[in-house]
Structures are given as structure tokens and as C-alpha cells.
Amino acid sequence: MNLPNILTLSRILMIPVFVVIFYLPVQWSYLVSAALFALAAATDWLDGYLARKLDQSTPFGAFLDPVADKLMVAVALAVLIQEYAAILLTIPATVIIGREIVISALREWMAEIGSRASVAVSYIGKIKTTAQMAAIVGLLAFPPGVTWSYVAIGLLYVAAGLTLWSMGLYLKAAWADLFPEAD
């Protein structure tokens, strides 16, 4: 167990704490849950940076890091869908969650056939993740109806658009393996 893996595990352990804080019947729950999510998002960047910088990449970390990311985002989007109870937020949130499921399955299948490198993380994916994390922090920090919550919803739509674009790039990279008879 090394520091990058501990940071990754901490993101998973933060999820139930985040949910409990979000639902506390106190005025500060929005800001504290937003700060906790932002902290988790920062550890996402930090664990990858430290794993590369300290040469501490491990198979366990390579497996757990995307799992922690997807759990964190899916749970945050789920509580936000419930909190906002509006199609305006539900549409981009379900696009993002759906894409994560599709790409996770695609990566697993591509690894199984020995073509994992063709579905590596893209630059668009990194921009998508940044927009997504910023949108979620904004949506958590500002309750429904506050002007900044609409700005965050707009950013979530940007993230959903980038999500679809990056999914298209992943599918294009895997197309020959998915449909070998089409060549």
C-alpha cells in the first residue's frame, strides 16, 4: 500500500461521509458537501500525479482509481438528481453516468482482448472530467434556484457534450475490434 493508493481509497471512503453531510438538515450541508467533493476531486488528480512522480504505479491503483472516480461522480450526480428533481439536470447527469458505464465496459473488454491501449484516456476526457467536477462542485455548493446553480447546470451540459464526444473517440478507436467483419 502506497500513498497514491491510500488517496484513491480515501475517495471511496469519503462517499458515505459526503452523502450523510449532503442530507443533514443544516444550512451548511451544501457548502461542506461541495468542499468534500472538491477534496475528493483533488485527490483524483493528486494520486495520479504522485503515482507517476514517485514511480508508485501499481496494478491495484490502476484498477481502483477509475472505480473510485466513477463511484464518486455517480453518487454525487444521483443525489443531485434527487435534490433538483428536474429534467434540466437529469438529462446531462444520465448522459454522464451512461457514458461511464459504456466506456468502463469497453475498456474491460478491450483489455480482455489485449487492445487496452487503443482506448486510453484522451485529452478530451481530461477536459470533460475538469468540466464535470467543476459543475458538480457548483451544483453541490448552490441549492436549486440560486443563479450560480444555473451556471453549474450549464457547465454540466458542457461536460455532457464533451462526454459524448470522448465516448465517440473511444468507440472510433475500438471500432475495428468491435466490428471486425466491417473492415
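Numerical summary
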| quantity | calculated |
| --- | --- |
| So Ala51, is it more than 17 Å from Met14 (Cβ to Cβ) and touching an Asp or Glu at 6+ places or on another chain (Cβ under 9 Å) | yes |
| Where a residue in segment 143-168 is farther than 19 Å from Ala85 by Cβ and hydroxyl-bearing (Ser, Thr, Tyr) and its partner, wherever it lies, is in a loop (DSSP other than H, G, I, E, B) and modelled with pLDDT under 95, with Cβ under 6 Å and at least six apart | Ser166/Ser122 |
| When residues of segment 125-183 are limited to those that are touching a Phe, Trp or Tyr at 6+ places or on another chain (Cβ under 7 Å) and part of a helix (DSSP H, G or I), the one most open to solvent (accessible area, probe 1.4 Å) | Trp148 |
| Hits in segment 69-97 - residues which are at pLDDT below 95 and of a type in the set (Gly, Ala, Ser) | Ala85, Ala86 |
| Answer residue from segment 12-49, given it is without any contact (Cβ under 8 Å) to a residue 24 or more places away in the chain and within 14 Å of Leu71 (Cα to Cα) and is most open to solvent (accessible area, probe 1.4 Å) among those | Leu13 |
| Positions within segment 154-179 being hydrophobic (A, V, I, L, M, F, W, C), under 15 Å from Glu100 (Cα atoms) and out of contact with any Pro (no Cβ under 8 Å at 6 or more places or on another chain), in sequence order | Leu162, Leu164, Trp165, Met167, Leu169, Leu171 |
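So that you can scan it fast, the table gives a plain yes or no per residue for (1) closer than 23 Å to Ala159 by Cα; (2) open to solvent by 20 Å² or more (accessible area, probe 1.4 Å); (3) assigned to a helix (DSSP H, G or I); (4) free of Cβ contacts under 8 Å to residues at least 12 places away in the same chain:
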| position | (1), (2), (3), (4) |
| --- | --- |
| Asp55 | no, yes, no, yes |
| Val79 | yes, no, yes, no |
| Ala93 | yes, no, yes, no |
| Gly98 | yes, yes, yes, yes |
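The values are calculated or read from the model by the stated rules, or taken from the named source; none is laboratory data. Just so it is clear, the structure is predicted and the values come from calculations on it, not from any experiment. A quick note on method: Cβ atoms are made from the backbone with ideal geometry, for glycine too, and the neighbour counts reach across all protein chains shown. The area values use the complete protein model at the heavy-atom level, side chains included, leaving out ligands, DNA and RNA. Shrake-Rupley method; radii C 1.70, N 1.55, O 1.52, S 1.80 Å.
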